[in-house]
1. Those residues that are more than 29 Å from residue 192 (Cα to Cα), assigned to a loop (DSSP other than H, G, I, E, B) and in contact with a helix residue (DSSP H, G or I) (Cβ under 8 Å, 6 or more places away or on another chain), I need them from segment 124-177; list them, please.
2. What are the residues in segment 179-194 that are touching a residue at least 12 places away in the same chain (Cβ under 8 Å), on the phi < 0 side of the Ramachandran plot and surrounded by fewer than 20 Cβ atoms within 10 Å (Cβ to Cβ), if any?
3. Of everything in segment 84-104, what is within 22 Å of residue 27 (Cβ to Cβ) and in a loop (DSSP other than H, G, I, E, B)? Give them in sequence order.
4. Does at least one position in segment 43-58 carry a residue that is closer than 30 Å to residue 278 by Cβ and touching a strand residue (DSSP E or B) at 6+ places or on another chain (Cβ under 6 Å)?
5. Of all the helices (runs of 4 or more DSSP H) wholly in segment 228-284, which have at least 1 residues that are closer than 23 Å to residue 207 by Cα?
6. Which of the residues belonging to segment 191-225 are within 18 Å of residue 286 (Cβ to Cβ) and either at pLDDT below 90 or part of a strand (DSSP E or B) (or both)?
7. For segment 63-83, enumerate the residues that are part of a helix (DSSP H, G or I) and surrounded by 24 or more Cβ atoms within 10 Å (Cβ to Cβ).
């Protein structure tokens, strides 16, 4: 089993680049950024002692400014690993913007139905399993979590390495809960679309009706800035399951020691990789379906 990536938790990651590259295509009304985080400095909301890194704060105002600057009508906040099971900051931000935002929480078997129902009312629509960074919930809790969240119609979001997917596939396809796979399965881009891990991802979304986020190419091929391999993977995934692909900026780009990607450039890859109809599905139609946003906005 792959172990969480370890960075020294006392060392700060760089914050996001404040300048956002202007759009190179017409971002449609109703567009959604399906993957970003808010981060406290630890003074109001606790930081996990098991965290793998320590980023600078990413405030509610910073997050909303980013959404506006990238042309996003809606946003999905994903509980960041450094806050562990303490979802309070994310829930606070969701409570301030019930029409605009949804959330994906980190939970364990100790979360009661009452607590989960309250989280649902605040806009949570999924639970995250994260095995790449400390502070997440492990894969051995996957079936338990799927049972816990089923009454609320939530999905299970998985941050793992594509190389784990072939062995996990029998377990994953037995789950009755929808799955969302982070960052195109987090494969090593050099392995290519013919790798066993990527092919397992294709079967998961193509044959079994699950979802994938076309996000964070800089995590997959950090040595490149044209992201050619990521483009090939994203286009193939969108061709296999056009109604189950999602875009996420991955702002504020935590745990990246080798570069500081531009959030506007991440969005602009959508305009470079996909045609107008694909963009409409990716940014508007698909998020509206999965997270329950107002589809009329697009």
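1. 135, 154, 176
2. 188, 190, 191, 193, listed by residue number.
3. 97, 99, 100
4. There is at least one residue in segment 43-58 that is closer than 30 Å to residue 278 by Cβ and touching a strand residue (DSSP E or B) at 6+ places or on another chain (Cβ under 6 Å).
5. Per the criteria, 228-240, 276-280.
6. Passing the criteria: 211, 212, 213, 214, 215.
7. Of segment 63-83, the ones part of a helix (DSSP H, G or I) are 63-69, 81-83.
Result: 81, 82.
The values are calculated or read from the model by the stated rules, or taken from the named source; none is laboratory data. Only a predicted model underlies this, so the values are computations on that prediction, with no experimental measurement involved. For neighbour counting, all protein chains shown are included, and Cβ atoms are generated from backbone atoms with ideal geometry for every residue, glycine included.
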